[in-house]
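Notes to accompany the following structure.
Please treat every number below as a calculation from the coordinates, not as lab data. These figures come from a predicted structure and were not determined experimentally. Positions of Cβ are backbone-derived with ideal geometry, glycine not excepted, and every protein chain shown enters the neighbour counts.
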Amino acid sequence: MVAGHTFTVRAVCPGPIGNVRCVPFSPSPVTGPSPATAARDRRADLLVTLAAVALALWVTSGMWRDPNSRTITVNSSDQALFEWLLAFGGHALTHGENPLFTHLINVPDGVNLAVNTSITVYAAVFAPLTYLVGPPATFLVILTLNLAATAVAWYWLLSRHLVASRLAAGVGALFIAYCPAMVSHANAHLNWTAGWLVPLLVWGVFRLRRPGRAVTGGIVLGLLVAVAFSIAAEGLFFTALALGVFLLAWALAPARRAEARAALPRMAAGLGVTALVAGALLAYPLWLHFAGPQRFHGTGFDPLVHSEDIAAYGAYPRRSLAGWAGWGTSLAPNPTEENSFFGVALLLLAVACFALLWRRADRAFRATLAALGVTAVVFAVLSWGPTAKWNGRRTDQLLPFGVLDNLPVVNAALPSRLALVVAPVIGLLLAYAVDSLRARPPRRRLGGAAWTVGFAVALLPLLPTPLLTSVREPVPAFITTGAWTRYVPPDGVLTPLPLTVDVYPDGQRWQAYALAHRQGEFRIPAGFFLGPGGPDGRGRIGPVPRTFDTLMDQAGRTGLVPIVTEGSIQQSRADLRYWDVRAVVLADRVHGAKYDVDEEALRRTATALLGPPERVEDVWVWRVPAA
């Protein structure tokens, strides 16, 4: 209501948030915006896009100095994994191989990539770039684009469908794209930083309620679901859950029940088409996921460890101005999982925005606000995991996730990541509040100043700082020159020391280099992947250890040569025959993702087990006779 008049929201929203008499926006003339307004809007669009790109480059700036030699310090193992996925995906595309199952790693069993984060669409789309500049540079390009595209996509949804003010849309979009959780996952997670998928999925779902959109809308949404599954299946699952909670809470509100009943047939028809399209495109990946070889249930991660500390919601993240000032905490399970960390000031601001909107809204829009609030609370509580934890101390209080953890699919989710749903809700509240304040400023100047100060105090400490990066060990010349081809037959097996796992990612880095530079294929035992073999039939990270890789891990990690007996020699050689290894390779410099590796202890241990090595280029090589 403005000056005693009620106006309908100008933007046509793709769902229950729009077409309502709610937050008072300035009415738009029937003939459309004036040339001056259109020019101003275009300038705003450009400024937000530039800000999004600038922030993305700022966050990833440490990598741009030299993408091929620098790595993300706190998560170099995941970076190596995604680089390998990009190289393998491009290789599979150009060589007609299966992009969702491979025997290049985890010899002889192979790896089911459909139950891993395979980013198949990225690998295919960016294959030309991978072949041109290499997997590390492609990884960096995608990571940077992910961050910028997330801001732009949310800005598009907000400015075109949810709010009238471009400033409001920019505030909400930039917060969502560069909130603590997104910056945290920018530590090498190409799947979780693909947040641009979420606003597109939201738009696709709510678009189905329009008359005549069941078929075309269902096809479009089905394509979006297929793309989202191939890039971030867990994120797609969370988005579907969040939309389900929101729509249920919204439809149960008395002010919305009639509208919900009217829209239900159209939504159901559209979702049916979506299921047919997505089902057809994902039939094989879903079969692999649930019934294919090397499948598993659950994950290799403990939900008790990967749950959100309740106190983390009011804490500050490490990669932020607050963290730079020394206000950061270590309440997250690791630096890549700061999934809440909003700070007390932002939580208070979100509550104040909710109260402002509630006071100004009519009954219809209050249903939307209530649904947003329910969604945020539900996912916040679920993120706390099976039992409550406060400021690092675990209690015995059973929480809802502890009841749901045994359900299929749910048991594959990390509860801490459910907090990722809360950030967009806060971003929407911020956008709606700015939009309302611009359309109907506080009567007193002091009130407007108070809101400005409140936004500044809440948001400035959360401004991101660049990711920590460091120089990693180069791919050895033994690989880059193609010398390995003299020691391993086509499609033969080579293993680095230590064997490739999450903390020793070199094997997949070497393999990615060979694939991207068209040197041919060599296979490796082990690898960084999720597969069967965990307790109670659950998944685990990497294969079940054998004697040879256990001895090598002990030597590299501790710097001590283990006791070598005739039995351990025979068992180690049996392991190499089991894997059909033809060459064992030790580089002069081995990259340890979590700790330094003792190369000398590795060389002495391998010599005790396999005899003296050959010196080739910049590596030591032990030939293994064919079985």
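Contact order, relative form, for the range 477-623: 28 percent (alpha carbon pairs under 8 Å, 6 or more residues apart, mean separation divided by residue count).
Beta bridges per DSSP, both residues in the chain: antiparallel share near 75 percent. Ranking Pro490, Leu460, Pro442 by how far each Cα lies toward the positive end of the dipole of the range 439-492 (charges on Cβ) leaves Pro442 at the top. Among Phe342, Phe101, the order by Cβ neighbours within 10 angstrom, fewest to most, reads Phe101, Phe342.
Among Arg445, Arg604, the order by Cβ neighbours within 10 angstrom, fewest to most, reads Arg445, Arg604. Both radii are taken from the alpha-carbon atoms of the range 226-333; with Rh as the Kirkwood radius, Rg/Rh is 1.11.
Our coupling estimate for the range 402-416, obtained by passing each phi through the Karplus curve with A = 6.51, B = -1.76, C = 1.60 and θ = phi - 60°, is x, 7, 8, 5, 8, 6, x, 6, 4, 6, 9, 9, 8, x, 4 Hz, Gly and Pro reported as x.
Think of each Lys and Arg Cβ as +1 and each Asp and Glu Cβ as -1; about the Cα centre, that makes the dipole of the range 149-286 roughly 580 debye.
For the range 458-508, the pair-distance distribution built from all alpha carbon pairs, in bins 10 Å wide starting at 0, is 18, 35, 20, 13, 10, 5, 0 percent.
Of all DSSP beta bridges in the range 490-627, what percent run antiparallel (nearest 5)? List each step's numbers first, then the result.
Values: 11 of 16 bridges.
Looking only at bridges with both residues in the range 490-627, the antiparallel portion is about 70 percent.
Out of every Cα-Cα pair in the range 568-627, what percent are more than 17 Å apart? More than 17 Å apart: 42 percent of the Cα pairs in the range 568-627. When all C-alpha to C-alpha distances in the range 477-623 are sorted into bins of 5 Å, what percent of pairs does each bin hold, rounded to whole numbers? Calculated over all Cα pairs of the range 477-623, the distribution is 2, 10, 20, 23, 22, 15, 7, 2, 1, 0 percent.
For the chain, the relative contact order is 18 percent, taking Cα pairs closer than 8 Å that sit 6 or more residues apart in sequence and dividing their mean separation by the residue count. Subtracting the Cα-Cα distance of Val453 and Leu93 from 0.36 nm times their residue separation leaves 124.3 nm of extension gain. Helix 257-291 axis versus longest C-alpha principal axis of the chain: approximately 10°, rounded to the nearest ten. What separates the Cα centres of the range 398-437 and the range 549-579 is a distance of 45 Å.
Summary value for the range 121-224: 26 percent relative contact order, contacts being C-alpha pairs under 8 angstrom separated by 6+ residues. Start at zero, step by 10 Å, and the Cα-Cα distances of the range 557-603 spread as 22, 41, 36, 1 percent across the bins. Near Thr102, the amide H atoms lying under 5 Å from its own belong to Val111, Leu113; only residues 5 or more places off or on other chains count, and H is placed 1.01 Å from N.
State the percent of C-alpha pairs, over all pairs in the range 335-479, separated by a distance greater than 21 angstrom. Walk me through the intermediate numbers first.
On the way: 6095 of 10440 pairs.
The answer is 58 percent, as a whole percent.
Entry note, the chain: the mean residue ellipticity at 222 nm calculated from DSSP H runs of n ≥ 4, each adding -39500 (n - 2.57), is -16500 deg cm²/dmol after division by the residues and rounding to the nearest 500. The angle between the Cα long axis of helix 506-516 and the main principal axis of the chain comes to about 80°, on a 0 to 90 degree scale.
Can you tell me what the convex hull of the Cα atoms of the chain projects to on average, as an area in nm²?
Values: hull surface 119.9 nm².
The Cα convex hull of the chain, projected and averaged over all directions, gives 30.0 nm².
Set the Förster distance to 56 Å, then compute FRET efficiency between Ser330 and Tyr578 from the Cβ-Cβ distance, nearest 0.05. Plugging the Cβ-Cβ distance into 1/(1 + (r/R0)^6) gives 0.85.
Among Thr387, Thr469, which comes first, then next, by fewest other beta-carbon atoms within 10 Å?
On the way: Thr387 16, Thr469 22.
Ranked by crowding around the Cβ, least crowded first: Thr387, Thr469.
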